[in-house]
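Before any comments, here is the structure.
The values are calculated or read from the model by the stated rules, or taken from the named source; none is laboratory data. From a predicted model like this one, the values you see are computed outputs, not experimental measurements. With ideal geometry, Cβ positions are generated from the backbone for all residues, glycine too; neighbour counts draw on all protein chains shown.
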Amino acid sequence: MRLGDIAEIVGGNSPAGSSYNREGRGLPLINGPTEFGPRAFDHPTAVQFTEAPSRICEAGDLLVCVRGSTTGRTNVASFRAAIGRDIAAVRGLECQPYINHYVASRADQLRSMGTGSTLTGITVIQLRELAVPLPPVSEQHRIVAAIDESVAEIDGGVDALVRARADLLRLRAAVFRSAVTGELTSAMRLASPTRETAVDLLKRILSQSDAESAAVSSEAGLFAHQAHEEPALHDPLQSGALPPAWTWATLSQLCRIQLGRAKSPSKRSNHYPTKYLRAANITDEGLDLSDVQEMEFEPHEREAFRLRKGDLIVAEASGSADKVGKPAAWNDELPLCCFQNTVIRLHPYVSDSSYILLLLRHCYFNHVFANLSDGMGINHLGAGRLARVVVPLAPEAEQKVMVDEVDHQLESIKSSTQVIDSNLDRAADLRRSVLARAFDGSLVDPKPTNEVAQSLAERISVRLVSDRAAASAEPKQKRISKMKTDVHRPLLDVLKEHPNGLTPEALLVAANYTFREVEQFYSELSRIADRVREDKPQGDAAKTWPIGARVLLSLRKA
C-alpha cells in the first residue's frame, strides 16, 4: 500500500514573516528541524508563533522533515501548531504508532529520494507514494509492542551514551572557562612569575596595530582598533577579578576585524571565479572544506577579502543562536580563498593567533556569542558587535602554557567522544535490524484473524475520502475559529502522557493555553502543586540556565 492510501498527509506552508512573534500570539510555528528533539519520536519545542497559520498539524501527528540535509528526520507533535514548508504532517487513521515506526525507519530512503540543485528535498506527492507493508490492525499493534520491547534496552543504552556525551560537551566548555579565568594556569603563575605583564603586551599590540592600520584601507568593512561609541560587551562568566599580571582588552584591540563580501546574482563566477568560505564551512571542530563554492571576486576584491595564514574566522549568522560565532583558524588550506558576509575575519596583530582562537572558542562554547546575537529567524553576531567584546588577556608566556594544556585536555575529550559515537552507531545498527525484522514479518509470529489487509485498506480509504470532503466543506474561518477556542486540557492528564517531564513552556502549549493565559496557567499549576515534581538544574548545570539547562515538571510518584 501507499502511505497516502492509509494516512492523511499535510504539506507545510510558511506563513508571512510579518506574522511571526515570540510572545505567544496565535499558534506555535514549527518551521524546521531546529525545533525538533534529537530522537525520532521526541516532541518539538515551541519557539516562534504565528497569527496567520496556513497549514496545521494536530497533536499526535508524525512530523517529517522534507527539505535539506535533515530530510526524513521525524518528531511527534504534542500540540496543535502551524507547520512551515520544510515540514509535512502524517496522520494515520488506524494505528498511528505503526505508521510512525515505519516512516521513521525509512529516513535514509526518504533522504535518497530528495531532488534539487541547491537545497534537496522531497514533495508531499513522493511521501504519499512511499510503499508501506500493511498487516491487519491487530498485527500492527503486536508489531508496535514487539518493537517497543525490543528497542527499550537499546534506547536505555542510547540515553546513557547521550548523557555521557552531553557531559563531555559541558566538560569541554568548562576547560575553556577554567583557562580564561586563570584557574588552569594558577600553578604555573606560582612557580614562575612572569616578567612581562599583559599590560606591557597590550601596549606592544596596540603599537603594532597602529602601524598596520595606517597602511590598511577603510573600505570593505574594516574595524581597526578605535574608540567605539557603543559600550564594550563583557562576558558574564568573567565577573570576578583577573589574575595578577592579566588585563582586559577588546577584540578590536587584538585583531583587525572584517565582515565578508555580500553574495548576489551579479557576483556569479565569470572572469575571476574564486573559492570562498561561508558559515556552513565552519563546524564545532574547525573547517569543513568538502563543499567550497565559487563566486566572482575581481582582483581588488581578492586583495581585500583573501584569507591569509593565521587569520581567524567566525560564523556571523545562523538559524540557531547557539551556532552563531563558531570559530576556526585558517592555515592556507587552499591556495586562494576569500570569504562571504556570513563570515567575519579576525586578523590578529600578533604572529601566533592560537590564544585568540582559544578566547573565541570559549565565547562560542560557553554561549557568550549566542547571548550577544539577535535577529528573528536568522541570528546575527555582527562585526561591530564582535569588535566590542571584552576578553581577558594573559601574559604571552602564560598563553603558550594555557594553549598547550587546553589542547591536551581537548584531545582526551575528543577520544572519549569518538568511543561514545562508535557505540551510538552500533546501537543505531541494532535498532535498524529490529525495524527490518518488524516490517518483513519476522519479528512477530502471524496469528489468525478475520480481517484481510485489503479490506482494511478499503475501509481506511473510505474514511480518508469522507474526512477530506468534510474538511473542504467546512468554511475556513470556522475552522480557524474552532482552532482558537480549544478547551484547556487538565495539566495532570498532560503530565501523565509525558513521564519524562515537560518544561513549563511546553506544558502550557500542550494543555492548549495561549501565552496570553500565562497567569491562568500558573494559577492552575499552583492548584495541583502537591502532585507535581519540579526538577531544577543543579550545580554546574544551573550556570547554563536557561540555555543549556531546563526546569522540568513531572507527576510525583504515588
**OP:** Within the stretch 474-501, track down each residue that is under 22 Å from ILE30 (Cα atoms), modelled with pLDDT under 85 and not in a loop (DSSP other than H, G, I, E, B).
**Re:** LYS476, GLN477, ARG479, ILE480, SER481, LYS482, MET483, LYS484
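Give GLU196, GLU153, GLU183, GLU149 a once-over and let me know the one that is among the acidic types (Asp, Glu) and in contact (Cβ under 8 Å) with a residue 24 or more places away in the chain.
On the way: GLU153 fails: in contact (Cβ under 8 Å) with a residue 24 or more places away in the chain; GLU183 fails: in contact (Cβ under 8 Å) with a residue 24 or more places away in the chain; GLU149 fails: in contact (Cβ under 8 Å) with a residue 24 or more places away in the chain.
The unique qualifying residue is GLU196.
Do you know which residues across the stretch 90-102 are among the aliphatic types (A, V, I, L, M) and in contact with a Leu (Cβ under 6 Å, 6 or more places away or on another chain)?
The first filter runs over the stretch 90-102 and keeps only residues among the aliphatic types (A, V, I, L, M), leaving 90, 93, 99.
Hit for the stretch 90-102 is VAL90, nothing else.
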Original post:
In the stretch 260-272, is there at least one residue being touching a helix residue (DSSP H, G or I) at 6+ places or on another chain (Cβ under 7 Å), buried (at least 16 other Cβ atoms within 10 Å of the Cβ), assigned by TED's automatic domain parsing to the domain that holds LEU381 and outside any strand (DSSP E or B)?
Top reply: yes
Subject >> Members of the stretch 16-59 found to be in contact with a Pro (Cβ under 8 Å, 6 or more places away or on another chain), assigned to a loop (DSSP other than H, G, I, E, B), hydrophobic (A, V, I, L, M, F, W, C) and buried (at least 18 other Cβ atoms within 10 Å of the Cβ), listed by number >> reply: PHE36, ALA46
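Kindly indicate whether any position in the stretch 212-225 is in a strand (DSSP E or B), in the same structural domain as HIS380 (by TED's automatic domain parsing) and either crowded, with 17+ Cβ neighbours inside 10 Å or modelled with pLDDT under 85 (or both). Give the steps one after another, and end with the answer.
First pass over the stretch 212-225, keeping only residues in a strand (DSSP E or B): 222-223.
Now narrow it down to the ones that are in the same structural domain as HIS380 (by TED's automatic domain parsing): 222-223.
Those left that are additionally either crowded, with 17+ Cβ neighbours inside 10 Å or modelled with pLDDT under 85 (or both): 222-223.
Yes; the residues of the stretch 212-225 include at least one that is in a strand (DSSP E or B), in the same structural domain as HIS380 (by TED's automatic domain parsing) and either crowded, with 17+ Cβ neighbours inside 10 Å or modelled with pLDDT under 85 (or both).
Of a type in the set (Phe, Trp, Tyr) and over 18 Å from the mean Cα position of the chain (by Cα): is that true of TYR349 in this structure? It would help to see each step written out before you state the result.
Working: of a type in the set (Phe, Trp, Tyr): yes; over 18 Å from the mean Cα position of the chain (by Cα): yes.
It is true that TYR349 is of a type in the set (Phe, Trp, Tyr) and over 18 Å from the mean Cα position of the chain (by Cα).
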Original post:
Which condition number in (1) out of contact with any Leu (no Cβ under 8 Å at 6 or more places or on another chain); (2) closer than 23 Å to GLU8 by Cα; (3) not basic (Lys, Arg) is the one that ASP159 fails?
Top reply: (2)
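Hey, among SER14, SER78, SER18, which residue is farther than 20 Å from ASN100 by Cα and in contact with a Gly (Cβ under 9 Å, 6 or more places away or on another chain)? Outline the logic, then answer.
Numbers: SER78 fails: farther than 20 Å from ASN100 by Cα; SER18 fails: in contact with a Gly (Cβ under 9 Å, 6 or more places away or on another chain).
Selected residue: SER14, the only one of SER14, SER78, SER18 that is farther than 20 Å from ASN100 by Cα and in contact with a Gly (Cβ under 9 Å, 6 or more places away or on another chain).
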Original post:
From the residues in the stretch 104-126 that are under 22 Å from GLY60 (Cα atoms) and touching a strand residue (DSSP E or B) at 6+ places or on another chain (Cβ under 6 Å), which one is modelled with the highest pLDDT?
Top reply: ALA104
**OP:** For the stretch 390-404, name all the residues that are surrounded by 21 or more Cβ atoms within 10 Å (Cβ to Cβ) and assigned to a strand (DSSP E or B).
**Re:** VAL391, LEU393
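Among the listed residues ARG431, ARG426, ARG385, identify the single one that is surrounded by 16 or more Cβ atoms within 10 Å (Cβ to Cβ) and either closer than 30 Å to HIS141 by Cβ or over 25 Å from the mean Cα position of the chain (by Cα) (or both).
ARG431 is the lone residue from the list that is surrounded by 16 or more Cβ atoms within 10 Å (Cβ to Cβ) and either closer than 30 Å to HIS141 by Cβ or over 25 Å from the mean Cα position of the chain (by Cα) (or both).
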Original post:
Can you pull out the helices (runs of 4 or more DSSP H) entirely within the stretch 341-389 that have at least 2 residues that are over 16 Å from GLN253 (Cα atoms) and outside the structural domain of TYR20 (by TED's automatic domain parsing)?
Top reply: 354-365, 368-372
Original post:
PRO446 fails exactly one of the following numbered conditions: (1) more than 36 Å from the chain's Cα centre (by Cα); (2) modelled with pLDDT under 70. What is the number of that condition?
Top reply: (2)
Original post:
Could you list, in sequence order, the residues of the stretch 158-205 that are over 23 Å from the mean Cα position of the chain (by Cα), assigned to a helix (DSSP H, G or I) and surrounded by fewer than 16 Cβ atoms within 10 Å (Cβ to Cβ)?
Top reply: SER186, ALA187, LEU190, ALA191, VAL199, ASP200, LYS203, ARG204
